[in-house]
Amino acid sequence: MIPKYRKQFNREFSEEKYQQLKDILKQKSGIEPSFRISESPLFLTKEFENKLIEASDSIISQIKAIPSEVLQKAIPENCRVPNDTGQPHFFTIDFGICRNANGEIEPQLIELQAFPSLYAFQKTFEDTFCEVYPFLAGIRNPMSYETFKNYLKELIVGDENPENVVLLEIFPEKQKTAIDFALTEQLLGIKTVCLTQVKKKGMKLYYENNGQCVEIKRIYNRVIFDELDNIPDLKTEFDFREEADVKWITHPNWFFKISKFLLPFLEHQFVPKSYFLHEFPEDENLENFVLKPLFSFAGSGVNLNPTREITDAIEDKEHYILQRKVTYEPVFEDINGDFSKAEIRLLYIWKENDERPVLLENLGRMTKAAMVNVDFNKKDAIWIGSSNAFFTEE
């Protein structure tokens, strides 16, 4: 989409530089990335960036106008956590990079969530791209590393001692996002703690650090609560549904409230029409829609070609949506003349006293498969996997 920078990148690219990119990421984090790192960044126009921002601003305004009691309906009763907050601390929004009927490249909303994504990793990823390809420094995100760090530190650590703040996950060493945990620890000076290691005494929570019992005052939550039920024989001393004297960053209820549940409520030219399955109109053609469960992660349960037989067999229809299909446009040329498709996630934080969230970074995902999730890519393809977007006027 930006011929000048695409040509320069492809001209400078080599397998040696790709290996260098991965080696630096491993060196910085101490961990081998467990998801595929794309060889290439995304080059997008400032005009496209403006479309992303304008659409996001509209979506944020619409969400703010939705009554609290409507958002509360999104939370499954068995996943409701006490001491809810007025707004989330994180807001991320995914757009597919598509072509409209007039031949213009435009974003189309795919999904949104109030759950932390790979914030620390993506900033490091952007920096590393610029180290390996110095010409990228001229078009990088203007937010400095220090400013980025201060934003996250204020949000996650706040006024507490970092030792009283934990990144909470279930079996973190087994998660694909472990590299982000390691980089977050470096960035903020906090520990990653497994939910199974959290101790509860009265209303207070604790973890062990170097043989000492340390109180947990703030939780940077990376546990997807509804997935805990799928872990056999899981034993924990602390249940999310219990009252506890701790501050959530962000509160687990927001994982459900800002989710696919909201898609049928949103209207914008860059928001594909969506319906709850039980409200799908008779005059709409099912072939034009994608079936998605409300609460799933990393593309699980998505059906690109639903049939009436499939939808009729679903009992809990209010827990599914049908979203109008969009066509990802393959516009990112690789060194062999083949093209990849992509989507971009905008990573916002939302400070408690702010009216609107602040955009910190972006995350790109490239593919040559029918679905963008990296698990669906062919193993021998290039220009696929996790990426980062650079925006420029040229």
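All other residues whose Cβ lies under 15 angstrom from that of Q323 are scored, Lys and Arg at +1 and Asp and Glu at -1, for a net of -1. The smallest convex shape that holds all Cα atoms of the range 273-325, its convex hull, gives 74 Å³ per residue. 3J(HN,Hα) along the range 186-193: 5, 5, 10, x, 9, 9, 8, 10 Hz, from the Karplus curve 6.51 cos²θ - 1.76 cosθ + 1.60 with θ = phi - 60°, whole Hz, x for Gly and Pro. Eigen-decomposition of the gyration tensor built on the alpha-carbon atoms of the range 19-170 gives equivalent ellipsoid semi-axes of 30, 26, 15 angstrom, largest listed first. Once the Cα-Cα distance is subtracted from the 0.36 nm per residue extended length, the E173 to I335 segment shows a gain of 54.8 nm.
Summed over all non-identical Cα pairs, the Kirkwood treatment of the chain gives a radius of 22.1 Å. Amide hydrogen proximity for W383: with H placed 1.01 Å from N in the peptide plane, the residues at 5 or more positions away or on another chain lying under 5 Å are E39, S40. Each label was represented as a point 7 Å from its Cα along the Cα-to-Cβ direction; for N150 and Q72 these points are 3.9 nm apart. Skipping prolines and chain starts, which residues have an amide H placed within reach, meaning under 5 Å, of the one on I216, given they are 5 or more residues away or on another chain? Long-range HN contacts for I216: L205, Y206, Y207.
Ranked by the mean number of other Cβ atoms within 10 Å per residue, highest first, peptides 191-204, 84-97, 233-246 order as 84-97, 191-204, 233-246. For the range 245-253, backbone phi angles converted through the Karplus equation (6.51, -1.76, 1.60; θ = phi - 60°) give residue-by-residue couplings of 8, 8, 9, 8, 10, 9, 5, x, 4 Hz, Gly and Pro being listed as x. For the chain, the Cβ-based charge dipole about the Cα centre amounts to some 640 debye (Lys, Arg positive; Asp, Glu negative; other atoms uncharged).
A simple spin-label model places pseudo-atoms 7 Å from Cα toward Cβ; at H319 and N209 they are separated by 3.8 nm. When the convex hull of its Cα atoms is viewed from all sides, the range 1-73 shows a mean projected area of 8.5 nm².
Helical content alone sets the calculated 222 nm signal of the chain at -7500 deg cm²/dmol, taking -39,500 (n - 2.57) per DSSP H segment of four or more residues and averaging over every residue.
Each reported figure results from applying straightforward, stated rules to the coordinates on display, with no laboratory input. The structure displayed is predicted, hence computed values, not measured ones. Note that we place each Cβ from the backbone using ideal geometry, even for glycine, and neighbour counts take in every protein chain shown.
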